Structures are given as structure tokens and as C-alpha cells.
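K.L.:
Structure provided below as C-alpha cells; questions to follow.
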Amino acid sequence: MDFNYDDNQRMLFDMVDRFLTDKHDLVKREALLKDPAAEAALWREMAELGLMGAAFPEEAGGFAGSSADSFVVMERFGRHLVTQPYLYTAVIGGRLLIEGLSGDARQDAIGPVIAGERQLALAAGSTHMLRSAEDTSFTAAADGAGWTISGRMPVVLNGDRADRLIVAARTSGRTGERQGVTLFLVDADAQGVSRRSFRMIDAFGAAEVVLENVAVGGENVLGPVDGGVALVELALDHGVAAVCAEAIGAMEYLIPATAEYTRTRIQYGAPLAKFQVLQHRMADMYIQTQTAKSMALVAAMSLDGDAVERQRMISAAKVQVARSGKYVGYQAVQLHGGMGVSEELDIGHHYIRLNVINQLFGDSSFHLARFGALARPVAA
Amino acid sequence: MDLSIDDKVQALRQEIRAFFAKNLPPEFARKTLAGDKLTKEEHKQWHALLREKGWHVPLWPKEHGGPGWGPMERFIWEEESGMAGAPRLNHVSQDLLGPVLIEFGTPEQKAELLPRILSSEDWWCQGFSEPQAGSDLANLQMRAVRDGDDYIVTGTKLWTSYAHVANKIFCLVRTSTDGPKQAGISFLLIDMEQPGVTVSPIYTLGGMLSVNEVQIDEVRVPVTNLVGREGGAWDITKFLLGNERLMGAWIGVNMAFARQVRERLEQVGPDGRKRSENAVLAQRVAEVETDLVALRYTTYRVLADELSGKAPGPEVSVIKVRGGEIMQNLTELLMEMAEAEGMVHPLTMPHDGLPVVAFELEHMAQQFFDKRKLTIYGGSSEIQRNIIARRLLNV
């Protein structure tokens, strides 16, 4: 048993950390958010560094030793408050390409992603934060050798920057049924695609996506026709593990930052850190973070194993990390007082992101239900 | 023991409801209830409508143009305003400074300043907190040095609500460094529309602008702008904070949030099922609803004590802590139930053509993150617990 990074992961960690320390902080992020060209340039640099490749196994053209390598990248992204769509493009989109395509088609689709030339977004489900794919916003009808897709989804995460949309459309059955959902790779510039861009509260980009009779060829189907739900579930499990890592990066930053603030902030003639109630609060933040970190690591290491065990551990991790993240973020803000709610400090931005992570890919009620449904005797 | 509220007060509640139903512009209520902000002009419009009815300064006695309400009537007003989504923008002038001037102001100050509040000509903001004086308010450093018939004032106020729409500020200033910290603090009225006063916005989570930094650099303020005696601000401050002591419960506003939460729970979610079928969610909603009922009756209990002549004491801290926590929980539920649509950044939404998400959902995330301040400002929850421990438990 080993919960530590291996040598390659350690190198990856150091590289990402150096890069982000140099290229990314709150001030630089504000500038990036206003400058699409600069965001695109940063994305290319990240690809040149090999970050996209860290999400793909060697047989798919990347260099990941295991799916846990993305943990390293996402953990550092969480620490540095990165809003670049690695999660949607490399982790989730990438997983769908790996599992949903084969042969040359797969390499043709993955190559540009690893090279940083193409971004992806998953348009699945309805109005929830990518929980599952059986509630569909789109319908697709067979049309000769291809398909015609129509529908509207109000919030597609990274829909604003994606070059390719992975659209979950109903091809048979009724909304809510597992069978009958098919995934399509749709060019975002295709005839009939319209998008309106905006940002989420955590500054990640998104778009409303409307498809009006968009024609796609049969070669653009990902995975089996009518069998897209399981594929999305797998990809979202990778997404959960990734945001768990991201949350750990944020939490492990917030604790020392809060401790430092309370050591330097003087009220009533003493540093805040001298008040025992605040010491205990920070100790609780630590306790929450440690239990969450254990589960985030377990989640990462469960990705490539048995499917049922993967789902159980992913759900257990999501519940723990979401709860801990909300607590740690809330207390970090509380102990920073007014400064905690100011946009000038990164503390509040981390708190916002931790709350969004709570909602992403199934909230706690969703994952508790899924964990319960897969329950096994504890000893097993 | 008796839970009933007397008929006269009940009649007033009905009268307030009927007035709102007839006069409150639906667009104002809609904006307020959806977490959006009204403009200053919109607020003035609402102020004018209330003025016709004589309800524009609900805390003031009749002789100064108020309705002359007692604590119960004022509380019912708060509840009904909150529930109806009535805007409440110039609260600092009407509810905080007005009563202070009536109690402590000179005849000249009253004659000059009260009419300007009544007419909504003056918008005051409150300069209390400073960079080094947050929880520890008595540590404030803004200094006022006597020079002939003036004070010369220099210093920085922080987290000043609505300074960006105000034309005047009342400040706690240090007029002496001798003796106990509290004894050297004075209450001074300062015109903001003059050189030396600089207002800089502070954006808070979700891009909200409601607080500011106010810098005052060698500004001359006539001694006649002093309220009360020099060094006498601490008692005035206690009086002022006392006037909003039951405000921290936010009963009416919380009830409006709870109504929205319940409505959304009973709606059909994106999966085609009623949200209330989600047992975890239904239980969370019921839990915060029971929290709110308990808070409401705790507030009534303090109010009843007050009506029977007992001075409200530190038990008000219970109300402040719970009021903030409950509003955080309610706005969290509203945001989470709106799922992805409740997580958008309202300042970035396209408004060409049909809305991307419904107006009622656009501000849910911003609203939730904005409410984070409730357990920090006006004496943080930690400070409130210190008060309870020290003054009620003698520990």
C-alpha cells in the first residue's frame, strides 16, 4: 500500500507547480479572463508541457502511467485556482474519446487534444451540473448513414471554448431511461449550432448550446448507439476523482493561509491565532482535509479497477470531499473576516470553487444514493 | 402564557399587506426577491410611495414625521416588508442615523438634517470599521484634531456599505488617545461631496458591489457636526446598534426565502420528478423551516420581554447568530436546487433574445455567496458567542 506519488508523479507535480507559480495567480487570472487570446496561449503552453498527455495512457498517445496521474495535475490546479478547462477537455472529454472510439478514428480525435489544438465539452443531461446522461436535452434521428440532432441545453460547461461538443442525445426510448442515449462528436462550428457564452460563478466558461437539425455522420458516434449512459458515467467518475484532487489542492492551501492570517491579524491586542476557539476551528479544518485527502487518493487509485468498486469509492470520496471542502472553505472565509469575502483575496474564490465542486457530477444526495445502492458488507 | 398577537397589531399587519399588494411595484418585489439590486432612482420611487402613506421612516416618532410605532408594530413592519420583497435601500439614513439624531442631535441638527432624510435627499453611510478595527471596533484610528471651530479629520473607513451611493457619512473618530479607548471616540457627521473624501469600491464574492473603502484626508468638519458630546460616541453607538438588534434575525426576509425554497421543492426538477421525492432534500428543507420557526419565536420572546419593560440584553446575540446561519442555509438550498442554472455568474449573462436561465435563478449563486458576510459583519458569530459567554454565563 502506498499513498504517495511515484517518481514520475513527483516530477509532474514539480513541473506543474513551477509552471503555475510563474504563470498563474489571482491577478493574472483576472487578466486571462478578459483576454481570450492569452487564455488560448496559456492552453497551448500547458499542452507543450505535456499536461494534456498526462490524462491519456501511452496506447492512446499520451504518457499517463495510470489514471491517477491526472490527480497530480488537478491537485496543483486546485492550489493555484486555475480556471482552464483541463477537466472538461482532457479528463472527461479525453476519457470519452478513449473509451468511445477505436483505431485511427480514435487517434485522429485524441491527437489534437493532446497537442492543445482542440478543446472539448460534454453536453449531457439536462440542467444539472453533469450528473448523468439519461435525462436528455437533445434528440437525434437517423438520417441515411448519419444523424440529425436538435435540442437546447442552457449550461454547457466549457461550451464557450470547445471546438468539439460531445452531445448526449436521445435516439430511442424516453427521457430518464438508461437505454436509448447515444453520444455524438459534433463540430462546434457546424451548420445549425449556436452558442451564447457566459461564465459560471467560479469564473469557468460555459455556454448555452442550441442545435437545430445538425447533421453528423455515423463515424461521429462515440460508443454504442443507444448505449451512451454507461460511457458518460465512467467519464464522470474520472471527473469526480479529478475535482476531488482539485479540492484537496485548495484545502491544503487554505489551511496554512488561514493560519498565517490569524498569526498576523491583531485584534484586542493579540493575534487572532491566540484565541483557542480559532485554533480548534483550524484543527477541525485539518481533520476534514485529511479525511478528504485519503478518499481523494482512493478515488484516483480506484479508476482503473473493478467497475462496482470504482463507483462505490468514487461516490464515497465525492461525499467526503464535498463536505470537507465546504467546511474548510467556509471557515477559511470566516477566519479571514471581511477580507475573506473580498474578491481581492484568493480565499473567497477558493470557497466559491469548493461550493461548485460540491454540485459538480452529482451532489451528495446523488452519491449517497449511489453508494447505498451498491452497498457491500463492510468487511468485503 | 399566550401566543396570540393583539387585534390592533393584527389589523396593522393586514393593512401593511393590503398596502403592499396595491402599491409595491411588482418589478421591485420581483427584483428584491430574486436577489437583484434596485437602482437609487427605483428606491426613491418606493420611498415616495411610502411617504404618501407615512411609512417611509418606520422607526421615527410622530413628531418627526414617523408613524410613531412601538417595538411590536416595527417588527411586524419588518416581517411584512421582508416577506413582500419591499426594497430597503436607504436603511442607514432612515433606521440608523435618524433615531440617533432624534435622540442625541442638537435642535439645529434635527431641523437641518431630518427633513433631508424624509425627502430622500440625503443618503448617509456609516463609517465604523477600519483596517485595524473590525471586531475590535474601539481600536479605531481615524483622528479628528480640533482646530478653531473645526475638526481636521484623517483616516480610512473600510467595508462601508452604500458609500458609493451616499452623499454623507457619519463616522466614529478618535478625538483623544487618553484614557480608555472607548472614551476617546466621537460621533461626527461629514459631507462626502468635498475634496479629501475618496470612495473606492470593494467587490465581494460574486462581483457584488455594496461595500467600499472611504478615505478621508485632512478634511475640515465644523464642530457643530458633532453628535452628542466629544468622546461620547460609545453610548450613541450602543443606542444605534440597539435599534437594529432584532434586525439580525431577518425574519421577514428569511420567511420570503423559505417560501421560495418550499415552492422550488414542490416543483418538478430536470429529471421529471418532483424535487420533494428526494428524501434527503425534503428533509433538509424541513429542517431549515423548523430552524426558522424556532428563530421567529425566539425573536418574539425577546420582543415580548421588551414590551413588558425588560431591557433587551445579550440574548439578542442568539438571534444574530441564528438569523445569519439560517439565511445562509436557505440561500444555499435555493442555489443548489437550481442546479447548473443556479451557478451562473449574473454579471456575465447574455441578455439578447430569450434569457439563458430564468431571471429568478440568475442571481442564486451571487446571492448565496453574498450572504456569507452575515456571520462576519456587525459583530461576527465568534464575537456574539463571546458576549453570551461573558455576559450571560459569567465565564
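Each reported figure results from applying straightforward, stated rules to the coordinates on display, with no laboratory input. These numbers come from a predicted model, not from an experiment. Methodologically, a virtual Cβ is constructed for each residue, glycine included, from the backbone with ideal geometry; neighbour enumeration extends over all protein chains shown.
K.L.:
PRE reach from A:K28 (point 7 Å along Cα→Cβ): which of region A:335-364 fall under 17 Å by backbone N?
P.N.:
Inside the label zone: A:346.
K.L.:
Rounded to the nearest 20 Debye, what is the dipole magnitude of chain B about its Cα centre when Lys and Arg each give +1 and Asp and Glu each give -1 at the C-beta?
P.N.:
Dipole size: approximately 580 debye.
K.L.:
For a Förster distance of 56 Å, can you work out the FRET efficiency between the beta-carbons of A:D226 and B:R259, rounded to the nearest 0.05? Walk me through the numbers on the way to the answer.
P.N.:
Numbers: r = 43 Å, r/R0 = 0.76.
Taking R0 as 56 Å, the efficiency between A:D226 and B:R259 is 0.85.
K.L.:
Another question, if that's okay. Treating the angle as unsigned and between 0 and 90°, give the value, to the nearest 10°, between the Cα long axis of helix B:251-265 and the longest Cα principal axis of chain B.
P.N.:
On a 0 to 90 degree scale, this one is about 20.
K.L.:
Would you kindly calculate the mean projected area, averaged across all directions, of the convex hull enclosing the Cα atoms of region A:267-320, in square nanometres? Don't skip to the end; give the middle numbers.
P.N.:
Details: hull surface 17.2 nm².
So the Cα hull casts an average projection of 4.3 nm².
K.L.:
Could you give each residue of region B:377-391 its phi-based ³J(HN,Hα) in whole Hz, using Karplus coefficients 6.51, -1.76, 1.60 with θ = phi - 60°, and x for Gly or Pro?
P.N.:
For region B:377-391, the Karplus curve yields 7, x, x, 4, 4, 5, 4, 4, 5, 4, 4, 4, 5, 6, 8 Hz.
K.L.:
Grab the alpha carbons of region A:124-170, take their convex hull, and tell me the volume per residue in Å³. Please list the in-between numbers first.
P.N.:
Values: hull volume 3.5 nm³, N = 47.
Each residue corresponds to 74 Å³ of Cα convex hull volume.
K.L.:
If I fit a long axis through the Cα atoms of helix A:346-359 and take the longest principal axis of the Cα atoms of chain A, what angle between them do I get, 0 to 90°, rounded to 10?
P.N.:
With rounding to tens, the tilt is 40 degrees.
K.L.:
For region A:120-226, what is one quarter of the convex hull surface built on the Cα atoms, given in nm²? Provide the component values of the computation, followed by the final result.
P.N.:
Details: hull surface 24.0 nm².
Its Cα hull, projected and averaged over all orientations, spans 6.0 nm².
K.L.:
Still on this model: For chain A, which longest stretch is free of loop sites, where a loop site is one of the GluC sites (Glu not before Pro) that DSSP puts outside H, G, I, E and B and that has at most 16 other Cβ atoms within 10 Å? Working shown, then result.
P.N.:
Numbers: sites that count: A:E117, A:E177, A:E344.
After excluding every exposed loop site, the longest remaining stretch is A:178-343.
K.L.:
Quick one: which residues, 5+ away or cross-chain, put their amide H under 5 Å from the amide H of A:Q267? H built at 1.01 Å from N.
P.N.:
HN-HN under 5 Å from A:Q267: A:L272.
K.L.:
With +1 assigned to the C-beta of every Lys and Arg and -1 to the C-beta of every Asp and Glu, and no other charges, what is the dipole magnitude of region A:230-373 about the Cα centre in debye, to the nearest 20?
P.N.:
480 debye
K.L.:
Quick one: check the C-alpha center-to-center distance for region A:153-193 versus region B:47-109, whole angstrom.
P.N.:
Cα centroid of region A:153-193 versus Cα centroid of region B:47-109: 55 Å apart.
K.L.:
Positive end of the dipole of region B:145-275, charges at C-beta (+1 Lys, Arg; -1 Asp, Glu), about the Cα centre: which of B:V253, B:L226, B:P270 has its Cα farthest in that direction?
P.N.:
Checked the options; the winner is B:P270.
K.L.:
Could you tell me which of B:L101, B:V199, B:G353 has its Cα farthest along the dipole of chain B towards the positive end, charges placed at Cβ (Lys, Arg +1; Asp, Glu -1), taken about the Cα centre?
P.N.:
Comparing the listed Cα positions along the dipole, B:L101 ranks first.
K.L.:
Choose one of A:M200, A:I110, A:S132: the residue whose Cα lies farthest towards the positive end of the charge dipole of region A:81-206 (beta-carbon charges +1 Lys, Arg; -1 Asp, Glu; about the Cα centre).
P.N.:
Final value for the positive-end residue is A:M200.
K.L.:
Might you report the magnitude of the Cβ-based charge dipole of the protein assembly as shown about its Cα centre, with Lys and Arg at +1 and Asp and Glu at -1, to the nearest 20 debye? It would help to have the intermediate numbers written out before the result.
P.N.:
Working: 79 positive and 100 negative charges, 395 e Å.
So the magnitude is around 1900 debye.
K.L.:
So what are the ³J(HN,Hα) numbers for region A:32-48, from phi and the Karplus equation (6.51, -1.76, 1.60; θ = phi - 60°), rounded to whole Hz, Gly and Pro as x?
P.N.:
4, 5, 9, 9, x, 5, 5, 4, 5, 5, 4, 4, 4, 4, 5, 5, 4
K.L.:
Over region A:120-226, calculate the relative contact order: mean separation of alpha carbon pairs under 8 Å at least 6 apart, over the residue count, as a percent. Don't skip to the end; give the middle numbers.
P.N.:
On the way: 283 pairs, mean separation 33.1, N = 107.
Computed value for region A:120-226: 31 percent relative contact order.
K.L.:
Of chain A, which part is the longest with no trypsin sites (Lys or Arg not before Pro) in a loop (DSSP not H, G, I, E, B) and with at most 15 other C-beta atoms within 10 angstrom? Intermediate values should be presented prior to the final figure.
P.N.:
Values: sites that count: A:K34, A:R174, A:R178.
The longest uninterrupted stretch comes out as A:179-380.
K.L.:
Another question, then. For region B:211-253, run through the trypsin sites (Lys or Arg not before Pro) and keep only the ones in DSSP coil with at most 13 other Cβ atoms within 10 Å of their Cβ. It would help to have the intermediate numbers written out before the result.
P.N.:
Details: sites: B:R220, B:R229, B:K238, B:R245; in loops: B:R229, B:R245.
Taking region B:211-253 and a limit of 13 other Cβ atoms within 10 Å, the loop trypsin sites (Lys or Arg not before Pro) found are B:R229.
K.L.:
Suppose R0 equals 45 Å; then what is the FRET efficiency for B:A11 and B:K238 from their Cβ-Cβ distance, rounded to the nearest 0.05?
P.N.:
0.85
K.L.:
Here is a follow-up. Could you grab the relative contact order for region A:1-144? Cα pairs under 8 Å, six or more apart, rounded to a whole percent. Walk me through the numbers before you get to the answer.
P.N.:
Working: 130 pairs, mean separation 30.7, N = 144.
Taking the mean separation of contacting Cα pairs over the length of region A:1-144, I get 21 percent.
K.L.:
With labels modelled as points extended 7 Å from the Cα through the Cβ direction, what inter-label distance (nm, one decimal) is found for A:N4 paired with B:A29?
P.N.:
Taking the two extended label points, one gets 6.5 nm.
K.L.:
Whose amide H sits under 5 Å from the amide H of A:D143, counting only residues 5 or more places off or on another chain, with H placed in the peptide plane?
P.N.:
HN-HN under 5 Å from A:D143: A:T148.
K.L.:
Oh, and also: When the Karplus curve 6.51 cos²θ - 1.76 cosθ + 1.60 is applied with θ = phi - 60°, which whole-Hz ³J(HN,Hα) does each residue of region B:187-200 get, with x for Gly and Pro?
P.N.:
10, 10, 9, 10, 6, 8, 8, 7, x, x, 10, 10, 10, 10
K.L.:
Between region A:8-24 and region B:135-171, how many Å separate their Cα centres?
P.N.:
46 Å
K.L.:
Something else now. Contact order normalised by length for chain A, with contacts defined as Cα pairs under 8 Å and 6 or more residues apart; what percent is it?
P.N.:
Details: 714 pairs, mean separation 58.1, N = 380.
Once divided by the residue count of chain A, the mean separation gives 15 percent.
K.L.:
P(r) for the protein assembly as shown: what percent of alpha-carbon pairs falls in each 20 Å bin, starting at zero?
P.N.:
Spelled out per bin, shortest first, that is 15, 45, 30, 10, 0.
K.L.:
While we're on this one: How about region A:158-221: which chymotrypsin sites (Phe, Trp or Tyr not before Pro) there lie in a loop by DSSP and see at most 12 other Cβ atoms within 10 Å?
P.N.:
Details: sites: A:F184, A:F198, A:F204; in loops: A:F204.
Listed in order of number, the matching sites amount to none.
K.L.:
Calculate, for A:A145 and A:A115, the FRET efficiency according to 1/(1 + (r/R0)^6) with r their C-beta to C-beta distance and R0 35 Å; round to the nearest 0.05.
P.N.:
Once rounded, the FRET efficiency stands at 0.75.
K.L.:
Report the dimensions of chain B along its three principal axes from the alpha-carbon atoms, largest first, rounded to Å.
P.N.:
The Cα atoms of chain B stretch 74, 56, 49 Å along their principal axes.
K.L.:
With angles folded into 0 to 90 degrees, how steeply does helix B:107-118 sit against the dominant principal axis of chain B? Use alpha carbons for both and round to 10.
P.N.:
20 degrees
K.L.:
Using a 10 angstrom cutoff on alpha carbons, build the Gaussian network for chain B and name the most mobile of B:Q384, B:Q94, B:Q45.
P.N.:
Ranking B:Q384, B:Q94, B:Q45 by mean-square fluctuation puts B:Q45 first.
K.L.:
Within straight cross-link reach of B:K181, meaning Cα distance under 16 Å, which lysines are found once same-chain residues fewer than 8 apart are removed?
P.N.:
B:K238
K.L.:
Could I ask something else about it? Give the separation of the Cα centroids, region A:277-301 to region A:309-342, in Å.
P.N.:
A separation of 9 Å, based on Cα centres.
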